[in-house]
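Everything below concerns the one structure shown next.
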Amino acid sequence: MRVSTNPYRLPRTVAPHRYTLALQPDLAAASFTGSVIIDAEVVEATTSIVLNADELTIAAVHVNGTAATARLEPATERLVIDGLHLQPGACTIEIAFTGTLNDKLRGWYRSTYRDAQGNEQVIATSQMQSTDCRRAFPCFDEPDFKAVFDITLVVQPQFLAVSNTPEVERTTQADGMVAVRFAPTMPMSTYLVALVVGPLEATEPVLVPRLGGGDIPLRIIHVPGKSHLTAFGLEAGAFALEWFQQYYGIAYPTEKCDMVALPDFAAGAMENLGCITYRENLLLVDPERGTQFEMQTLADVVHHELAHMWFGDLVTMKWWNGIWLNEAFATFMEIACCAAFRPDWLRWTTFSLERSMAFEVDSLASTRTVEFPVEAPDDCDGMFDVLTYQKGGSLLRMLQQYLGEEAFQAGVAHYLTKHSYGNTETSDLWDAIEEANPSTPVRRLMDSWIWQAGYPLVSARLDGSTLVLGQQRYAFGDTDDATLFVVPVHLRIDGAESKVLLDTDEMGVPLPSATAAVVVNSGGHGFMRVAYDTTLRARLAGELHSLTIIDRYNLVDDAWNEVVAGRLGAADFLTFVDGFTNERELAVWQAIAAGLRGVGRLIDLDTAAHARFRQRVAALVRPVLDDVQWKPVDGDDDLRAKLRGLLLSLLATLADDHEAQGYCRDLLDHGTTDPELLSAATLAVAASGTDADFDRFVEGFRNAATPQDMLRCLYALAEFPEQRHIERAVEFAFSDEVKTQNAPFLIDRKSTRLNSSHIPLSRMPSSA
């Protein structure tokens, strides 16, 4: 018998290939009964079958039609069937069981909402990733045990039941219950099983053309009364289904696509094959009331989950150590798809801001490698972080830009075609891309980033007419870490683009002249910080008008992080951003805003230095806001409107500008139809808010017209600075009014404010 030394892993002596599953939930009692028939293959002679089960009561077990004894091992979440004498060949396992619809937001669980009459309604829904399918039924709950699932849900006739595949049969039983049978799935992993039952409604299907012929019916499932919030989600979903089919060159891999908006959901969304589940605010929106960020976030999440239908569902990682690639690739693809869906959002540019979150974590001595060993089920939870999503997505973008978009796309298509319906490891993707691009050392390049923690600081200095590039691992504070990366560096030298592979600690690049202007990491594709010498930075500061948006963004972002790392004074940073008085691009201003907020946290509030800082912020921000204009202008695009909101927020909060604060309060008191101004005004009023303002936002949360309005009011509570308001916000977060999924975000925002340091800044100039 081949037995893993890991007590949490299953032996490979028996492998399932089909589950015939019947489940009957009792929503009122928060329980369910079920039976499963597992058609399996005995690979090696064995006296036992080991599978997974957790928080289930086993009523009966039969193997090949004969009753068998079984024992649960709660510590390892396993069900062991002993006393068998099985030889290689076909095997049938039958198990009857009961379980609880839990309140843990995992496995098969309860989600609740209040209907129009104020009555509580219950939904039974699922979240199986990573290892919680075993809470719904006994199964071989590891991703490489792919199998077909034939699912029947027995439900009350007034309830809607949905699963991974279309409904194929509906039978009314003698007790009045309805058995809803769904078409068998393609071979898939247990963590992709979807089970949703409850008082729900479905939109009419949008028919999306299927590559090769036919249509894909796309619906949104939602609680009653919210159909008016589904149009944008359907638009984003329909676009993505067509776009991904063309990109991958592979038809959508299952028969239908349901997107389910849930009141209670721990994750943002989950890529269950053909039945994707979402938090309501990430699928339902009123475009007239949503900010650009809220709309973009919704589109991103929809595109992310649909990308998984191929990369993750059709081709699946063998074990949870590879889950980073699953999520990183979906992150990369969500940005690529959203960039095509709404080109005016400049999605690749704004991704740079999101990537900065990964830089912050990856600059710590305690950071981890992108991929790491996963032993116990809980180990894989640590992979769902910014290093997986933002750093991982950035590394794929870096590889794509180094190879070229067409070459990268060809490699991905080769990978998906080669491994369809199978399981892979990280190296399989690198090998497939390298097979499509044999002249590039893809595996060597990517291994240096996946198996080493951190990222490089690429230095750039002049030595006559030679550009000297160096690398060392970036860290907050001094470090003697000698880690070297294989770094694809894009250069723009006097406007001409080129690229080099920096795989040593230093290399020289000839320049056309000693006066050449050089941009390192041109396009911002590399996961690196750049430190220019004084001469090169000064040249770029004098040529800002000739730089791209992302290059200007990187200049500001890198400069601020040099302050954080102690390599540049805050005064020097402020002097540097003074040169951006003509800047009108949102992304660059987001980087400037992050730096200004950081400087503000370094100065004691009740000091002359902070007063000078506020004046300096006002002098920088107000002229730009005046130019953009304080009120919406006909013809504003989404990013210009968002920039207006950002500038107003900076002026009202960081600059403590009374005119801006009064304008924000007037916007709230008298109403505005502009969501960007409303969002900015909400945060500005909260930042200096009264008891009455706090009550206003609590009532706004309770009576919100959309999920976005609700969260906007909820998170505003974290902005109130007074101790009594902090205590009220924390108390409210733990009340029954706030969903379990939302409370941590409110608490985290509060703790961030409480822990933000205000220390004297010795290097703050007298003019600040």
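What follows draws every value from the coordinates through simple rules; no lab data is involved. All figures in this text were calculated on a predicted structure; none of them were measured in a lab. Note: ideal-geometry Cβ built from the backbone for every residue, glycine included; neighbour counts use all protein chains shown.
Using square roots of five times the C-alpha gyration tensor eigenvalues, list the equivalent-ellipsoid semi-axes of the range 200-314 in whole Å, biggest first. Write out the running numbers ahead of the final one.
Values: eigenvalues 97, 41, 37 Å².
The equivalent ellipsoid of the range 200-314 has semi-axes of 22, 14, 14 Å.
Tally Lys/Arg at +1 and Asp/Glu at -1 over every other residue whose Cβ is under 11 Å from the Cβ of LEU511; what's the total? Could you put the intermediate results ahead of the total?
Numbers: positive: none; negative: ASP463, ASP494.
Charge balance in the 11 Å sphere: -2.
Could you give the nm distance between label points at ALA482 and ALA60, where each point is 7 Å from its Cα heading toward the beta carbon?
My value for the distance between the label points is 6.9 nm.
For the range 74-147, just the Cα atoms, rotate onto the principal axes and tell me the three extents in Å, largest first.
60, 25, 24
Using only Cα atoms, what is the ratio of the radius of gyration of the range 291-364 to 2.2 N^0.38 Å?
Details: Rg = 13.5 Å, N = 74, 2.2 N^0.38 = 11.3 Å.
Scaled against compact globular proteins, the figure is 1.19.
Taking the C-alpha atoms of the range 186-241, how large are the radius of gyration and the largest Cα-Cα span, Dmax, in Å?
When restricted to Cα atoms, the range 186-241 yields Rg and Dmax of 13.5, 37 Å.
List the relative contact order of the range 569-768 as a percent without decimals, with contacts defined as Cα pairs under 8 Å and 6+ residues apart. Don't skip to the answer; put the middle values down first.
On the way: 209 pairs, mean separation 48.3, N = 200.
Answer for the range 569-768 is 24 percent.
Once you compute Rg and the Kirkwood Rh from C-alpha atoms, what is the Rg to Rh ratio for the range 522-647?
Values: Rg = 15.1 Å, Rh = 15.5 Å.
Radius of gyration over Kirkwood radius for the range 522-647 works out to 0.97.
Taking only C-alpha pairs under 8 Å that are 6+ residues apart, what is the relative contact order of the chain in percent? Could you put the intermediate results ahead of the total?
Numbers: 1510 pairs, mean separation 58.6, N = 768.
Reported relative contact order: 8 percent.
Please report the antiparallel percentage of the DSSP beta bridges confined to the chain, to the nearest 5. Could you put the intermediate results ahead of the total?
On the way: 98 of 121 bridges.
The antiparallel fraction comes to roughly 80 percent.
Counting pairs of alpha carbon atoms under 8 Å apart in space and at least six apart in sequence, what relative contact order in percent does the range 1-198 give? Write out the running numbers ahead of the final one.
Working: 524 pairs, mean separation 42.8, N = 198.
Normalised by residue count, the contact order of the range 1-198 is 22 percent.
Give the Kirkwood hydrodynamic radius (Å, one decimal) of the range 319-417, defined as one over the mean of 1/r across all pairs of different Cα atoms. Display every interim value, and only then the final one.
On the way: mean 1/r = 0.0690 Å⁻¹.
Over the range 319-417, the inverse of the mean reciprocal pair distance is 14.5 Å.
Using the Karplus equation 6.51 cos²θ - 1.76 cosθ + 1.60 (θ = phi - 60°), what ³J(HN,Hα) coupling, rounded to whole Hz, does each residue of the range 79-85 give in order, writing x for Gly and Pro?
Residue by residue, the range 79-85 yields 10, 10, 9, 9, x, 9, 9 Hz.
Please identify every one of the GluC sites (Glu not before Pro) in the range 254-305 that sits in a loop by DSSP and has no more than 15 other beta carbons within 10 Å of its own beta carbon.
Values: sites: GLU255, GLU271, GLU280, GLU288, GLU294, GLU305; in loops: GLU255, GLU271, GLU288.
Passing both the DSSP loop test and the Cβ count: GLU288.
Could you compute the net charge surrounding ALA147? Neighbours are other residues with a C-beta less than 12 Å from the C-beta of ALA147; K and R count +1, D and E count -1. Intermediate results must be reported in sequence, preceding the final value.
On the way: positive: ARG18, LYS146; negative: ASP39, GLU41, ASP141, GLU142, ASP144, ASP150.
Spelling it out: positives minus negatives among the neighbours equals -4.
What does the charge count around ASP695 come to, taking other residues whose C-beta lies under 13 Å from its C-beta (Lys +1, Arg +1, Asp -1, Glu -1)?
Working: positive: ARG696, ARG702, ARG724, ARG728; negative: ASP691, ASP693, GLU699.
After counting each charged neighbour, the total is +1.
Can you give the three extents of the C-alpha atoms in the chain along their principal axes, from longest to shortest, in whole Å?
Principal-axis extents of the chain (Cα, largest first): 86, 63, 49 Å.
With the cut-off at 1.5 for a/c, could you classify the range 147-262 from its C-alpha gyration tensor as rounded, prolate or oblate?
Working: a/c = 2.28, a/b = 1.35, b/c = 1.69.
Verdict is oblate for the range 147-262.
Wrap a convex hull around the Cα atoms of the range 469-515, take a quarter of its surface area, and give that in square nanometres. Intermediate results must be reported in sequence, preceding the final value.
Values: hull surface 17.1 nm².
Value for the range 469-515: 4.3 nm².
Considering the Cα positions of the range 569-768, please state its Rg to one decimal place and its Dmax as a whole number of Å.
Rg then Dmax for the range 569-768, in Å: 17.3, 50.
Do the sum for the chain: with -39,500 (n - 2.57) for every DSSP H run of n ≥ 4, divided by all residues, what is the mean residue ellipticity at 222 nm, to the nearest 500 deg cm²/dmol?
Numbers: 20 runs with 273 residues, N = 768.
It comes out at -11500 deg cm²/dmol, rounded to the nearest 500.
Nearest-5 percent of antiparallel DSSP beta bridges in the range 460-548?
Working: 19 of 20 bridges.
The answer is about 95 percent antiparallel.
Over all distinct Cα pairs, what is the inverse of the mean 1/r for the range 460-548, reported as the Kirkwood hydrodynamic radius in Å?
Values: mean 1/r = 0.0731 Å⁻¹.
Radius from the Kirkwood sum: 13.7 Å.
May I ask you to give the average projected area over all directions of the convex hull of the Cα atoms of the range 557-617, in nm² rounded to one decimal?
Values: hull surface 16.2 nm².
Reported value for the Cα convex hull: 4.1 nm².
What percentages make up the Cα-Cα pair-distance distribution of the range 1-143 when the bins are 5 Å wide from 0?
Over the range 1-143, the share of Cα pairs per 5 Å bin runs 2, 10, 19, 21, 18, 12, 7, 5, 3, 2, 1, 0 percent.
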